[in-house]
Each structure stands twice: as C-alpha cells, then as structure tokens.
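Input: one structure, supplied below.
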Ligand code: FES
C-alpha cells in the first residue's frame, strides 16, 4: 500500500474468484471467506451480488436469508439489506459492506481490498 502526496494510504484492490457460474441456483446465497472477510454472494436472475455476510444486528449469516425484490432478509430477526449496495432497507442510514462482482469465463469474482503483506 502506497501513500498519496497528502500522506494518506492509497488502497489497492484485486479480483478473487469465489464460485463458478451455475454453482448457485437462482435466489441462492453462499458464504465465502476472502482476505479474512466473510462475504455473502447471491445469484439473482443471472446477476451476482456480494455484501458482508455478518448481520450487524446479532451476527447471523445473511447468505442463508430469504432473497426477494433485490433484498435479502436476515434469517434471525428479518432485517432486510439491499443486495446492490448493502443498505439496510428499513433504515437507510445504516449500511454494510458491498463489493463489485464480475464474471470472467466461468469464474464469479469479487473485487476486494488487498491485504498488505506483513513486514518482518
Ligand atoms: S441477527 Fe440479523 S436481524 Fe437479528
């Protein structure tokens, strides 16, 4: 990670393969671990979405939630999050992480911040 002229760290990103095309049925989600983060990936009508997997309420896995109309409903207490950007559908001031997704051939990939290597 480098610094810009203002001395702020410049983040770098990479694409990581998280599943194969056809692996998830329509409306299905799956938890993947990428660079130490738990991410929920969803397949909805031919498109893929990725948001943080851990519900900010009490920690349920959102990948097991019910998907409809562009949201996932947490399986524990029904908080709903938009798949496109991670915004809590019932209180837009709260947002969880969301990640860009692309399909390269048969690979579904998530764009994620690189983790800097440890220096000895
Ligand atoms: S743990 Fe998700 S709504 Fe409570």
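Read-outs throughout are calculated quantities, based only on the coordinates presented, and are distinct from any laboratory measurement. Since the structure is predicted, the reported quantities are computational estimates derived from the model, not experimental observations.
Any idea what diffusion coefficient the range 46-104 gets from Stokes-Einstein, in µm²/s, Kirkwood Rh on alpha carbon pairs, 4 °C, 1.567 mPa s?
114 µm²/s
With 19 Å as the cut-off, how large is the P(r) tail for the chain, expressed as percent of Cα-Cα pairs?
When every Cα pair of the chain is considered, 49 percent fall beyond 19 Å.
On a C-alpha basis, how far is the centre of the range 13-54 from the centre of the range 56-120 in Å? Whole number, if you could?
9 Å
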